[in-house]
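The values are calculated or read from the model by the stated rules, or taken from the named source; none is laboratory data. If you're wondering where the values come from, they're calculated on a predicted model, not measured in any experiment. Here the Cβ positions follow ideal geometry from the backbone for every residue, glycine too, while neighbour counts run over all protein chains shown.
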Amino acid sequence: MNILVFLIPISLILGGVGLLFFVYTVRTNQYDDPEGDARRILSGEYDDKPKQ
Amino acid sequence: MTATMRPNISACPACNAAPAAEALAEREAQKDVRIALSVPAVHCAACIVAIERALADHPGVTSARVNLTLKRATIEAEPDVMPEDLIGVLDRIGYEAHELDVGTLSATQTDKAGRELLMRLAVAGFASMNVMLLSVSVWSGAADATRDMFHWISAAITLPTIAFSGQPFFRNAWAALKNARLNMDVPITLAIVLAVVTSLWETSLSGEHAYFDAALALTFFLLAGRYLDHRTRAIARSAAEELAALEVPRAFRIEDGEERQVPVAELTVGDLILVRPGGRMPVDGEIVAGTSEIDRSLLTGETIPVYGGPGQAVSAGEVNLTGPLTVRATAVGEETSLHRMADLVAIAESGRSRYTSLADSAAKLYAPGVHILSALSFVGWYLFTFDVRTALNIAAAVLIITCPCALGLAVPAVTTAASGRLFRKGMLIKHSTALERLAQVDTVVFDKTGTLTAGAPEVMNLGQVSTRDIGIALALAESSSHPLAMSLTSAARAAGFSPEDVSQITEVPGYGTRGVWNGREVFLGRASWVDAPRISRTAAWLRVGDEAPQAFEFTDRLRDGAEEAVAALKAAGKDVYLMSGDTTAAVEEMAGRLGIPHWLAEALPADKAARVQAMAKEGRHVLMVGDGLNDTAALAAAHVSISPASALDAARVASDIVLLGGDLEPIGSALGTAGSAIRRIRENFRIATLYNIIAVPLAVAGLATPLIAALAMSASSITVSLNALRLR
């Protein structure tokens with residue numbers, strides 16, 4: 001049962017990291033134009049970072 | 001592309017719209033302005049690239065970004081870049097664009113409430129998954145110290161999550177209780193709080209049953225329902241706002257003999273305003289110079305344009321058709337007749353507020369029911385065992401089991417599916433209970449001009465006029481932009497006629513066009529100008545020299561789908577009425593053409609509203625379809641109302657549903673969709689009740705375990721959501 005001491009914190013941390021990523025995507029307006037973002041991947045124009 | 005990427009200076013769109021900020025932007029030439037264009041044709045990756053590149057190449061443009069979901073381009077540019085130039089740029093590469101008013105759009109640019117709900121939903125989802133993992137271990141046999149530890153960890157996750165994610169429910173419940181009312185959020189809050197409190201108590205006593213997972217799953221499912229509901233309304237709201245933003249409130253004011261473009265809000269009484277042909281009057285006023293014809297159909301329902309010349313009064317909302325007019329403002333903003341009509345709307349608005357939504361009426365039955373049931377089981381078990389702990393545990397189990405998870409999803413899941421379906425057909429559901437009210441409709445009232453008709457005239461008697469006359473008329477009509485002349489031109493061209501040789505053509509705004517043909521003077525214009533008799537129909541008259549004038553008769557072209565919509569409504573057994581401010585002859589003809597049995601002509605705005613209210617008194621549920629200012633009161637008085645996208649802003653605001661395309665046909669099928677949506681909602685209520693009938697006796701008898709609660713809750717929520725997807 002000692003394994004629980006590792007496993008439970010690990011599962012919580014992994015879940016928490018996922019949650020933080022989600023919060024980040026919401027904060028940076030990544031759901032404003034889902035259709036456009038899906039199509040932009042097909043365009044031949046590359047730039048260093050996503051446009052704001 | 002990266003070279004054009006400068007940091008976004010006006011990060012706050014609302015600041016841009018504020019007049020103070022605008023003035024500031026003008027002083028500091030460096031400050032960029034934001035321009036929004038609606039580009040309805042954009043649909044692919046290549047379009048995005050082409051539009052962004054074309055806009056970025058335009059001098060003065062700092063950055064351009066296309067939003068494909070909204071079909072909108074947002075441009076940051078130096079203040080001297082005019083939206084018209086950018087529209088021209090897009091026109092050259094083959095995309096039609098319209099300017100959007102940034103001030104109107106900015107209100108919903110960041111959907112704060114939606115983002116907040118989404119965040120709470122995500123946190124609740126994360127927490128409930130983790131706690132569920134721990135709970136499953138407990139249910140599958142973890143005992144003693146391990147179980148206690150799992151319960152304590154669950155508590156540590158649950159408490160902060162509930163405190164954060166449950167806030168919308170707590171707030172609503174508190175607001176309801178403060179006003180001594182009960183709503184759905186009161187039992188929800190009570191169930192969540194009671195579940196957490198008893199579980200904490202049980203955990204501290206090393207008890208067997210803890211309901212942490214139930215409290216979290218409850219919060220998660222209910223938040224999902226709230227979020228769906230919010231999304232549906234946010235999409236409708238942003239689409240409605242885009243329609244409003246298409247009318248950019250700008251006017252040309254004459255200052256020291258020069259015209260200057262100013263926002264309508266800055267106009268004051270006494271200003272001289274230039275209204276170009278095709279433009280809408282921004283204010284109430286009096287014509288001081290110029291002659292033209294004025295289309296008053298949106299205000300009165302009259303199809304035939306009226307003559308406008310110096311000294312004549314005009315009202316805001318009227319459209320100037322042929323010649324430029326200079327108007328002296330006599331009333332601006334709130335004082336205009338357009339705005340005064342809003343008072344009529346306020347008086348008439350009752351159909352909506354009288355209606356209680358299905359969810360509310362369910363809550364009214366449900367909330368007291370579960371409270372009484374749970375209180376009774378507490379009292380019963382306390383008298384039976386004299387043990388507060390057992391009694392409280394069972395009362396909490398009853399509240400959790402009966403908690404309206406499925407009820408909370410029953411309505412939003414269906415309305416989301418139905419609104420999405422109707423949106424794809426071109427109908428925008430603006431009001432949250434509009435679907436439910438639409439399903440009850442038994443009487444449909446149509447306005448004529450601009451609603452059943454497209455507002456474009458169509459020539460009727462081309463076959464009865466001599467080829468010579470058509471040729472002369474065509475030559476004269478081609479040089480005019482009057483709607484009758486343009487319609488005559490396209491009809492004659494389509495029928496294969498060619499113009500006669502007419503020279504010295506001049507247009508006399510407000511009257512018609514004159515010219516010289518074979519040495520004789522020829523006229524095409526209104527009856528009084530060519531000494532023709534008045535007839536009841538809309539007509540343009542042609543006079544060749546001293547010959548008797550020849551009439552070209554016009555009728556209003558039917559909007560696409562008008563016949564189908566009326567036929568479908570009649571087939572569905574609805575009573576169809578036609579009410580118009582137009583002349584008796586015109587209305588009677590239209591009613592005959594569409595097979596509408598009941599009609600009312602020359603109706604004043606107040607008449608229309610009174611008739612609709614009288615029908616409501618008879619117990620009818622009236623659907624009003626209208627577009628003009630004269631319809632707004634009737635739109636607001638009706639049980640549910642629809643207006644086309646071409647309608648006046650005031651009419652769109654007063655109606656529950658907006659037709660986005662020019663086609664009327666979706667109205668017929670919308671009633672069907674609304675009907676089946678309501679049937680699904682009722683089915684969902686029955687499913688939720690069925691689960692309660694099975695689970696509640698177990699809970700009251702003290703046999704419910706957290707596992708049974710979790711199963712009942714998830715199963716009912718999922719069944720209800722799946723049932724909503726069955727919507728056809």
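Listing for the model above:
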| read-out | value |
| --- | --- |
| Failed item, numbered, when B:Met82 is tested on (1) more than 14 Å from every other protein chain (Cβ to nearest Cβ); (2) under 27 Å from the mean Cα position of the chain (by Cα) | (2) |
| Looking only at segment B:56-78, and only at residues there that are outside any strand (DSSP E or B) and more than 13 Å from every other protein chain (Cβ to nearest Cβ), the one that is surrounded by the fewest Cβ atoms within 10 Å (Cβ to Cβ) | B:Pro59 |
| Test for A:Glu45: is it at pLDDT below 80 and either part of a helix (DSSP H, G or I) or facing chain B (nearest Cβ under 7 Å) (or both) | yes |
| Residue in segment B:115-133 that is over 35 Å from the mean Cα position of the chain (by Cα), part of a helix (DSSP H, G or I), in contact (Cβ under 8 Å) with a residue 40 or more places away in the chain and more than 13 Å from every other protein chain (Cβ to nearest Cβ) present | no |
| Members of segment B:560-585 that are assigned to a helix (DSSP H, G or I), touching a Leu at 6+ places or on another chain (Cβ under 9 Å), over 21 Å from B:Gln440 (Cβ atoms) and among the hydrophobic types (A, V, I, L, M, F, W, C) | B:Ala562, B:Ala567 |
| Every residue from segment A:6-24 that is β-branched (Val, Ile, Thr) and facing chain B (nearest Cβ under 10 Å) | A:Ile8, A:Val23 |
| Qualifying residue in segment B:460-475 (condition: under 22 Å from B:Gly661 (Cβ atoms) and over 21 Å from the mean Cα position of the chain (by Cα)) | no |
| Residue check for B:Asn179: over 15 Å from B:Leu222 (Cβ atoms) and not hydroxyl-bearing (Ser, Thr, Tyr) | yes |
| Of the criteria (1) crowded, with 21+ Cβ neighbours inside 10 Å; (2) more than 22 Å from B:Ala224 (Cβ to Cβ); (3) within 11 Å of chain A (Cβ to nearest Cβ), which one B:Val138 fails | (3) |
| Test: residue in segment B:443-458 that is of a type in the set (D, E, K, R), at negative phi, over 38 Å from the mean Cα position of the chain (by Cα) and surrounded by fewer than 24 Cβ atoms within 10 Å (Cβ to Cβ) | no |
| Residue identified as within 12 Å of another protein chain (Cβ to nearest Cβ), polar (S, T, N, Q) and farther than 23 Å from B:Leu218 by Cβ among B:Thr161, B:Thr146 | B:Thr146 |
